[in-house]
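What follows is a single structure, written as structure tokens, with notes after it.
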Amino acid sequence: MSDVLPELIEPPINDLPIEAIEDVLRDHYGLSGQIFPIEGRQNPYFLIDNGHMRYLLKVAPAEGPLEEIEAEHALMRHILRSPDGPRVPEPVVTRDGGDTLVLPLGGEDRRIRLLTFLDGTAPPSGEKLPDQAVAAFGAISAALAKACWISNIRSCSASRKGTCARPARRRSRFCPPSSTRKSAT
């Protein structure tokens, strides 16, 4: 193994003109507003502020893993439906009802998606987090876990004999089964 550190790779420069992003927002989402490129990302991101709400437009190569995006969107929507879930971004559907678009931008096909934007500050990188931040992270983690697990859902499915199923504990398909979770002991 070498003691030489790998050379850091600079993130690509955002090569997409603001006018193209304005067209996407207007034509596919029915939105307009101020557009701010977010630098330092592997793929272009844009903060959209229309005066009422803020959004995050994500642009990625079209051949990227669509299944991961679909799972992420489904998980966000699941958490949003939970009364005790933490605040998470919400996927914004296109005028055609889709979660993503594939459009030619900047000379290549790109997958585009729009999410609501949650204001906040990123934790400092490379620094120890204060106890208050660690406690807040724990509270958010607990709320997320609670929102992710569906418990005490009663289902009554009529069988051929007309009987009902017993109350069952069901889990979300987005969370691991309890047998794979680590005990807190």
Got a sec to turn the phi values of region 105-115 into Karplus ³J(HN,Hα) couplings, 6.51 cos²θ - 1.76 cosθ + 1.60 with θ = phi - 60°, whole Hz, x for Gly and Pro?
-> 9, x, x, 8, 6, 10, 8, 10, 9, 10, 10
Within the set of other residues whose C-beta is less than 12 Å from the C-beta of Gly30, count the net charge using Lys and Arg as +1 and Asp and Glu as -1.
-> 0
Amide H contacts under 5 Å for Arg54, restricted to residues at least 5 apart in sequence or on another chain and with H modeled in the peptide plane, are Phe117
Amide H contacts of Glu90 (H built 1.01 Å from N, under 5 Å, at least 5 apart or other chain) = Thr116
Taking Leu66, Leu144 and counting other beta carbon atoms within 10 angstrom, the fewest-first order is Leu66, Leu144
A correct Karplus calculation of ³J(HN,Hα) over region 19-25, with 6.51 cos²θ - 1.76 cosθ + 1.60, θ = phi - 60°, whole Hz and x for Gly and Pro, returns 4, 5, 5, 4, 4, 4, 4
May I ask for the net charge around Pro91, where only other residues with Cβ less than 11 Å from the Cβ of Pro91 are counted and Lys, Arg are +1 while Asp, Glu are -1?
-> -1
Shape call, region 36-92: gyration tensor on alpha carbons, a/c limit 1.5 = oblate
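Taken together, the values in this text are just the output of simple stated rules run on the coordinates, not laboratory data. Since the model is a prediction, treat every value here as computed from it, not as a measurement. For neighbour counting, all protein chains shown are included, and Cβ atoms are generated from backbone atoms with ideal geometry for every residue, glycine included.
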